[in-house]
1. From (1) under 17 Å from the mean Cα position of the chain (by Cα); (2) open to solvent by less than 60 Å² (accessible area, probe 1.4 Å); (3) farther than 30 Å from ARG536 by Cα, pick out the condition that doesn't hold for ALA163.
2. How many residues, within the stretch 54-70, are more than 19 Å from TYR110 (Cβ to Cβ) and crowded, with 17+ Cβ neighbours inside 10 Å?
3. Give the residues of the stretch 441-461 that are in a loop (DSSP other than H, G, I, E, B) and surrounded by fewer than 24 Cβ atoms within 10 Å (Cβ to Cβ), sorted by residue number.
4. Which pairs have Cβ atoms under 8 Å, sit 6 or more apart or on different chains, and link a residue in the stretch 167-186 that is within 13 Å of GLU211 (Cα to Cα) to one that is modelled with pLDDT under 90 and open to solvent by less than 20 Å² (accessible area, probe 1.4 Å)?
5. Please pick out the residue among ASP611, ASP633 that is modelled with pLDDT of 95 or more and at positive phi.
6. Checking the conditions here, which among GLY559, GLY489, GLY500, GLY514 is surrounded by 15 or more Cβ atoms within 10 Å (Cβ to Cβ) and under 16 Å from VAL628 (Cα atoms)?
7. Would you say ALA168 is part of a helix (DSSP H, G or I) and at pLDDT 95 or above?
8. Could you please let me know if ASP263 is without any contact (Cβ under 8 Å) to a residue 60 or more places away in the chain, touching a Phe, Trp or Tyr at 6+ places or on another chain (Cβ under 8 Å) and either among the aromatic types (Phe, Trp, Tyr) or more than 17 Å from SER421 (Cα to Cα) (or both)?
Amino acid sequence: MGLLERVRRALERSDGQPDPALLAYVVALYENGSIDEAEAECTRVLARHPGSAQALHLRGLIADRRGDRLRAEQLIGSAVAAAPGVGLYRYNLGNVQRMLGRADAALASYSRAVELEPDRFAAWFNLAQLHAEQGRPAQAIVAFRQARRIDPASAEARLGLAAALVDAAQTGDDGASSCAEALALVEGYWAHAAEPSRARFVLAMALAGCERWTEAASHLEALVAAHPEAAELRNQLANCYNRVGRAADAVAEYRETFRLAPDFHHALTGVLGTLNAVAEATPEEVFEAHRAWAAAVAAPLYPSAPRYRNTRDAHRRLRIGYVSPDLRRHPVGAMFAPVLERHDPARMETFCYYNYPRGDVMTDRMRRAAHHWRDVFGQDDAAVAEAVLADAVDILVDLVGHTRHTRLPVFARKPAPVQVSWLGYFNTTGLATMDYFVTDPVSSPPGQERYFVERLVRLPATRFCYEPPEFLPAVSALPARARGHITFGCLNSLAKLNDGVLALWARILAAVPGARLLLQASALNDPLVQQRLRARAEAHGIAADRLELRRFVPVEQAGRTYHDIDIALDPFPFCGGMTSLDALWMGVPVVTLPQAMIAGRQTVSMLANLDLHELVAADAAAYVAIAVDLARDLDRLAALRAGLRERFRRSPLADHDRFTRDLEAAYAGMWAAWLAAPRQD
């Protein structure tokens with residue numbers, strides 16, 4: 001008896017279920033591509049046995065093949081209801097739901113499928129892919145590992161796991177080990193992958209996560225050459241250039257990224273944050289770039305007629321909001337925490353909007369100090385703005401500017417009557433909705449107003465205070481006396497060490513026989529970056545045996561490096577910030593060459609507050625002379641080193657009480673000005 005005849009006779013059975021051979025025949029029709037015949041026979045089976053889970057499942061697969069996914073979901077869902085213990089049905093239901101965009105439903109279906117049938121590779125693999133697509137790399141890693149357990153030879157699972165590890169490294173605490181594992185999975189394999197470009201991109205990102213940025217950049221350069229219109233490739237290439245100190249190249253790639261992807265606003269943010277380190281960029285160019293960002297990104301968000309619920313009272317307690325991703329162990333957090341703790345609770349009610357996925361001991365400290373704490377990481381800008389409005393914040397303060405995890409689009413929506421930029425950025429925001437920029441007389445001498453859309457509010461002494469970390473060691477004796485030679489040093493980012501800086505440092509070393517130059521930066525973790533820097537330095541006349549390059553060390557250990565440095569050399573046009581404060585606290589004088597803008601005037605402001613004007617150079621020749629004169633007078637250098645920490649303690653740089661009162665007075669003045677202005681709310 002032929003199969004077709006068995007089908008016909010099976011339809012005449014009355015035991016409630018179709019013959020398995022009949023269903024096997026229909027499955028064979030489906031798998032052989034005879035969809036019309038399979039559909040017809042399956043329809044006849046269901047007419048006789050409407051509750052058959054197998055037939056419902058197969059009819060659902062046919063509907064999916066036809067493109068009728070809603071019908072497919074209904075039919076396979078009915079199969080699941082009829083036979084809830086069959087993993088295959090759950091798996092295929094998940095596939096249909098995923099194609100319909102029902103990610104949560106698909107996730108539930110896949111998860112149940114692997115519970116029921118833990119050795120089904122496809123279910124684990126699809127579950128992993130869905131987790132990855134939904135931005136859950138940690139869960140994706142678990143599922144990809146299970147898929148590889150079942151099929152270790154799967155190239156797709158290998159690449160998927162590597163990509164998930166790289167994604168997890170972006171926000172995880174153990175990014176280096178995740179990237180090292182990803183690198184082991186794709187290095188030497190990418191060229192033979194089914195999708196070599198994707199595999200090469202994962203390789204590049206893994207290399208970057210392992211601090212092999214030069215190699216990462218070379219792979220990204222090749223990918224950009226092959227896919228010049230791929231904005232994400234250019235953005236990651238710009239990031240790599242940034243890490244190795246190629247600021248001008250990074251700016252060029254960020255700009256090209258934005259040209260290709262005008263909705264990717266972070267590329268323009270990258271331009272602005274990096275442009276401060278480009279020696280050739282004029283203040284006018286930098287200002288116009290910030291205004292261009294505002295026109296492209298912020299202007300569409302400006303409210304036509306903001307309305308506020310804030311009580312118009314000049315004498316009540318003000319509600320001050322702070323927005324930042326850096327309320328943690330970070331230079332901004334270190335300088336902000338003492339101020340937050342010293343705000344007068346009778347005058348200020350504080351709100352912190354924390355925009356980072358995790359915290360640390362510094363976060364806990366600030367959380368305790370704040371009156372109100374809002375974790376806003378992952379919330380969109382509109383939602384954060386609504387939260388600020390709901391809190392009726394009077395003065396909203398941005399502590400990040402155009403740096404990573406910026407929330408300036410929140411400020412573009414003007415959720416608070418008064419908005420202020422302070423501490424975390426050293427330039428205009430460009431925002432028409434940002435009212436004030438907090439600075440000081442030395443950081444912003446008269447005339448800088450033309451480079452800011454905000455009104456400059458100069459605090460009496462300094463724009464920030466310093467609280468030395470508890471792990472910074474005591475000041476050491478002068479290293480030169482133990483080492484037998486002067487050691488100049490700089491612990492700033494390599495992006496700040498342009499050719500003009502290296503040329504000037506070469507002149508200093510030439511005038512001080514036997515002196516060495518010690519550089520320490522995270523970019524120097526890359527051996528190829530070290531090679532490149534040595535070659536650049538040698539081109540300027542700095543011999544290899546006079547250059548000491550050190551890898552980055554954890555912040556708890558970084559202070560010990562100053563035990564080996566006699567004189568710190570400040571770069572330009574982007575000078576030190578926290579590095580200058582740390583050096584001065586460790587007794588190391590910093591020689592600086594002030595620039596036109598705040599980014600190049602941070603150190604001169606510190607030195608003014610320490611009454612160390614003799615370390616401030618009027619021009620390049622004076623910069624060399626100051627450093628050389630210091631190096632030739634060890635007694636003077638030793639005395640300066642021994643007394644610098646106490647001088648620091650007695651200066652406005654360490655007077656947090658005074659600083660906080662000055663800042664609160666500035667806030668009160670801003671509020672009074674808003675109350676006195678013609679009403680717009």
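The values are calculated or read from the model by the stated rules, or taken from the named source; none is laboratory data. Just so it is clear, the structure is predicted and the values come from calculations on it, not from any experiment. With ideal geometry, Cβ positions are generated from the backbone for all residues, glycine too; neighbour counts draw on all protein chains shown. All accessible areas refer to the heavy atoms of the entire protein, side chains included, with ligands and DNA or RNA removed. Shrake-Rupley method; radii C 1.70, N 1.55, O 1.52, S 1.80 Å.
1. All conditions pass for ALA163, except number (1).
2. Narrowing the stretch 54-70 to residues more than 19 Å from TYR110 (Cβ to Cβ): 54-56, 58-59, 62-63, 65-68, 70.
From what is left, the residues that are crowded, with 17+ Cβ neighbours inside 10 Å are 54-56, 58-59, 62-63.
Residues meeting the conditions: 7.
3. Start the filter on the stretch 441-461 by keeping residues that are in a loop (DSSP other than H, G, I, E, B), which leaves 441-447, 452-454, 459-461.
Within the stretch 441-461, PRO441, VAL442, SER444, PRO445, PRO446, GLY447, PHE452, VAL453, GLU454, LEU459, PRO460, ALA461 meet the criteria.
4. From residues that are within 13 Å of GLU211 (Cα to Cα), the pairs are ALA169/GLY175.
5. Details: ASP633 fails: at positive phi.
Exactly one of ASP611, ASP633 is modelled with pLDDT of 95 or more and at positive phi, namely ASP611.
6. Values: GLY559 fails: under 16 Å from VAL628 (Cα atoms); GLY500 fails: under 16 Å from VAL628 (Cα atoms); GLY514 fails: surrounded by 15 or more Cβ atoms within 10 Å (Cβ to Cβ).
Residue meeting the stated conditions: GLY489.
7. Details: part of a helix (DSSP H, G or I): yes; at pLDDT 95 or above: no.
Judged against the criteria, ALA168 is not a match.
8. Working: without any contact (Cβ under 8 Å) to a residue 60 or more places away in the chain: yes; touching a Phe, Trp or Tyr at 6+ places or on another chain (Cβ under 8 Å): no; either among the aromatic types (Phe, Trp, Tyr) or more than 17 Å from SER421 (Cα to Cα) (or both): yes.
It is false that ASP263 is without any contact (Cβ under 8 Å) to a residue 60 or more places away in the chain, touching a Phe, Trp or Tyr at 6+ places or on another chain (Cβ under 8 Å) and either among the aromatic types (Phe, Trp, Tyr) or more than 17 Å from SER421 (Cα to Cα) (or both).
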